[in-house]
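Following: one structure in structure tokens, then a few remarks.
The values are calculated or read from the model by the stated rules, or taken from the named source; none is laboratory data. Not measured: the values here are computed from a predicted model. So basically every Cβ, Gly included, is an ideal-geometry build from the backbone, and we count neighbours across all protein chains shown.
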Amino acid sequence: MNAATDLSFAAPGLHGQLAQLSPEQLDRLDFGVIAFDGETVVSQYNQTESEAAGLSASRVLGQPLFTNVAPCMNNFMVAQRFEDAQDEGSPLDDTIDYVLTLRMRPIKVKLRLLAEPGSAQRYVLVQRKL
Amino acid sequence: MSLAVGLDAHAQLAAEHEALIQFLYLAPVGLVQTGIDGEIAMINPISAQLLMPLSRDGCLTNLFAALEDVAPELRHLCETFAHPNGMICDGLHIHLNSGVAGKRMRVPQVLSLSLLKLDGARLMAVLSDVSEQVRRERQLRQSDAWLNALLTSISDYALVGLDREGRVSDWNETIARVTGFTAAVVGQPYSVFYPEGATTPDLVGDRLREADANGWSLDEGPRLRFDGSQFFGSSMISPMPDRDLDAVADGEPAYCLVLRDISDKRDAIDKRRRSVFCDHLTGVANRRAFFEAAELELNRNRRTPRPTALILFDADHFKQINDRHGHPAGDRVLRQLGAALSLTFRQVDVVARVGGEEFAVLLPSSTLAGAAAVAERLRQLVEGQPVGFEGASIAYTVSAGIAAIGAGETIDLDTLIKRADRALYAAKAKGRNRVECWNGDLDAA
């Protein structure tokens, strides 16, 4: 079995492992992956997320995450966490319950917020609830 | 039609659909479509951004439920809307809690909500964060009050010199004409012109500090004549031009107080205030007035430390009253509770309805023990005074939770509210109809 598809939403140490994956491997994951850089510009947007949101990656890549891609996360519950971690230079690995408005339907999800000091790459992972 | 053309048309439709979805994702305003009962059918991202921090259960299945804590009247508003369709509310301001402690991110303080009834089954809602607009309006309003004070024709005014500490420094004819005080008033603090309970020694100093900082400080309200009678007046305090506060000797004028009798304007002023700052049902302050007053008081508290207390009252088993006697009876109970609170507390205290059956009282310059004594008086008053409604006598009780800021402590409004809320929770847990004060132990959560 391909190592990439082994990765689960809840796997420990996920930040480092995601950074190793090719775009094709990211696309095979069963949870949504949005990667963004130190300026919040989206650098990766995998197939799972693209299909759930109804947006192709081309509309999203290169856009600032919290204003142009996922404004629903632009509050103290999500965006603030990343800002705090960045300011304090501390790691962030938290999973919260949230509601996304995918295709304008309220969908309960789990969000995993990942940031590592020393790495510009940060991630929001999205797990649709079963 | 050839297969290629069909595919083309399909691809074009798909692209248009995607563009439309993105258009809705990016709309910088919250849009929600719900059933008539508030059940959410469609919702865009800004709505989630604004509503998620408010939703108690972390769900966005019902709009009314998500806003329950901050706009408890919505369901009722929709139920009682008589027309088959039309605007139920247009730009209704919803005041949120003052912000999240310790967070640097700008947290919305005021949301605007418009609700459109489409038909018997559907509502559309528009939500936006209007905190900044409201802040600007507030500044404008203060300037308006100032201009009003300058420009309106007035029956008379008294010109009073105040020393560094706010004591009357000189006497003149105008003071006698407007207030009836004789020269013996010299040396007394200007609170001598205020009825009991309408100001505190701390507040006397606050207004001087505000005059120092802004160039003027204005307030309108009841004033006291020498003979004990009252009039409705405006007081504007401004620093003497070119004075050097450190160089002004004790007893020398450092401020000018212009005291005007504006009794003839009172109705208009009251009406304007009521429409903006009063709870429509009970007539006490609304959430907006409460948060504005509390922010102001806590700012003053930080500048000049003094104790400040907050009491949260909650009518016990209120739902049962509504269920047993009907909503009009429940409304009557709330009105009576509001009246009892207004009567029991000082004029300088801010009594506000902050939730369905929850009231808050902010007590400037009051200790925890002082607030507890008044809360206990209110509790007894309510217990001994059943509400009459259509022949029935409805007995009810209240629980209270109290927290205070000690002199020199710095606590933000949210923490103060949370502590009072913990104490209220403890009062409920211990059997209701009681007053509990916050102590560190209750802070566990």
Kindly indicate whether any position in region A:18-38 is more than 12 Å from the chain's Cα centre (by Cα) and of a type in the set (Val, Ile, Thr).
no
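Say we look at region B:252-283 and pick out the residues that are part of a loop (DSSP other than H, G, I, E, B) and within 16 Å of the chain's Cα centre (by Cα); which of these is farthest from B:Gly221 (Cα to Cα)? Give the derivation first.
Step one: filter region B:252-283 for residues part of a loop (DSSP other than H, G, I, E, B), giving B:252-254, B:262, B:279-283.
Among the residues that remain, those that are also within 16 Å of the chain's Cα centre (by Cα) are: B:279-283.
On the way: B:Asp279: 19, B:His280: 21, B:Leu281: 23, B:Thr282: 20, B:Gly283: 17 Å.
So, considering only residues that are part of a loop (DSSP other than H, G, I, E, B) and within 16 Å of the chain's Cα centre (by Cα), the one farthest from B:Gly221 (Cα to Cα) is B:Leu281.
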Check B:Thr34 against each of (1) touching a residue at least 40 places away in the same chain (Cβ under 8 Å); (2) in a helix (DSSP H, G or I); (3) in contact with a helix residue (DSSP H, G or I) (Cβ under 6 Å, 6 or more places away or on another chain); (4) closer than 19 Å to B:Asp119 by Cβ and name the one condition it does not meet.
(2)
Residues being of a type in the set (Gly, Ala, Ser) and surrounded by 11 or more Cβ atoms within 10 Å (Cβ to Cβ): count how many of those fall in region B:70-85.
1
Given the conditions (1) farther than 24 Å from B:Val110 by Cβ; (2) surrounded by 15 or more Cβ atoms within 10 Å (Cβ to Cβ), report the number of the one that B:Glu16 does not fulfil.
(2)
Quick count over region B:26-43, residues being crowded, with 24+ Cβ neighbours inside 10 Å and not small (Gly, Ala, Ser), is 3
Scanning region B:40-76 residue by residue, those of a type in the set (Ser, Thr, Tyr) and more than 17 Å from A:Ala70 (Cα to Cα) turn out to be B:Ser55, B:Thr61
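Among the residues of region B:192-223, write down those that are over 21 Å from the mean Cα position of the chain (by Cα) and among the hydroxyl-bearing types (Ser, Thr, Tyr). So that I can check it myself, show each step before the final result.
Quick first cut of region B:192-223, residues over 21 Å from the mean Cα position of the chain (by Cα) only: B:192-196, B:201, B:204-205, B:208-209, B:211-216, B:223.
Once the filter is applied, which keeps residues that are over 21 Å from the mean Cα position of the chain (by Cα) and among the hydroxyl-bearing types (Ser, Thr, Tyr), region B:192-223 yields only B:Tyr194.
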Restricting to region B:1-38, name every residue that is of a type in the set (D, E, K, R) and either under 18 Å from A:Thr67 (Cβ atoms) or at pLDDT 95 or above (or both).
none
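Looking at A:Ser8, is it at pLDDT below 95, in a loop (DSSP other than H, G, I, E, B) and surrounded by fewer than 20 Cβ atoms within 10 Å (Cβ to Cβ)?
Working: at pLDDT below 95: yes; in a loop (DSSP other than H, G, I, E, B): yes; surrounded by fewer than 20 Cβ atoms within 10 Å (Cβ to Cβ): yes.
Yes, satisfied.
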So the check is Cβ under 9 Å with 6+ separation or different chains; which pairs have a first residue in region B:293-312 that's under 23 Å from B:Tyr425 (Cα atoms) and a second one that's basic (Lys, Arg) and surrounded by 21 or more Cβ atoms within 10 Å (Cβ to Cβ)?
B:Thr308/B:Arg300; B:Leu310/B:Arg419
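Pick from region B:55-69 the residues that are surrounded by fewer than 18 Cβ atoms within 10 Å (Cβ to Cβ) and more than 10 Å from chain A (Cβ to nearest Cβ): which of them is farthest from A:Leu111 (Cα to Cα)?
Taking region B:55-69 as the starting set, the residues that turn out to be surrounded by fewer than 18 Cβ atoms within 10 Å (Cβ to Cβ) are B:56-59, B:61, B:69.
If we keep only those that are more than 10 Å from chain A (Cβ to nearest Cβ) as well, we get B:56, B:69.
On the way: B:Arg56: 18, B:Asp69: 25 Å.
Here the residue is B:Asp69.
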Of the conditions (1) of a type in the set (A, V, I, L, M, F, W, C); (2) touching a residue at least 24 places away in the same chain (Cβ under 8 Å); (3) farther than 30 Å from B:Ala71 by Cα, B:Ala249 satisfies every one except a single condition; which number is it?
(2)
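Table: residues versus (1) facing another protein chain (nearest Cβ under 8 Å); (2) closer than 16 Å to B:Leu115 by Cβ; (3) not polar (S, T, N, Q).
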{"site": "B:Leu13", "(1), (2), (3)": "no, no, yes"}
{"site": "B:His17", "(1), (2), (3)": "yes, no, yes"}
{"site": "B:Leu20", "(1), (2), (3)": "no, no, yes"}
{"site": "B:Leu24", "(1), (2), (3)": "yes, no, yes"}
{"site": "B:Pro28", "(1), (2), (3)": "yes, no, yes"}
{"site": "B:Ile43", "(1), (2), (3)": "yes, yes, yes"}
{"site": "B:Ala48", "(1), (2), (3)": "yes, no, yes"}
{"site": "B:Pro53", "(1), (2), (3)": "yes, no, yes"}
Which pairs turn up if I take residues in region B:208-219 that are under 15 Å from B:Val160 (Cβ atoms) and look for partners that are in a helix (DSSP H, G or I) and among the basic types (Lys, Arg) with beta carbon separation below 8 Å, at least 6 apart in sequence or on another chain?
B:Ser217/B:Arg207; B:Asp219/B:Arg207
Residue that is modelled with the highest pLDDT [pool: residues in region B:215-246 that are of a type outside the set (D, E, K, R) and under 10 Å from B:Arg164 (Cα atoms)]:
B:Pro239
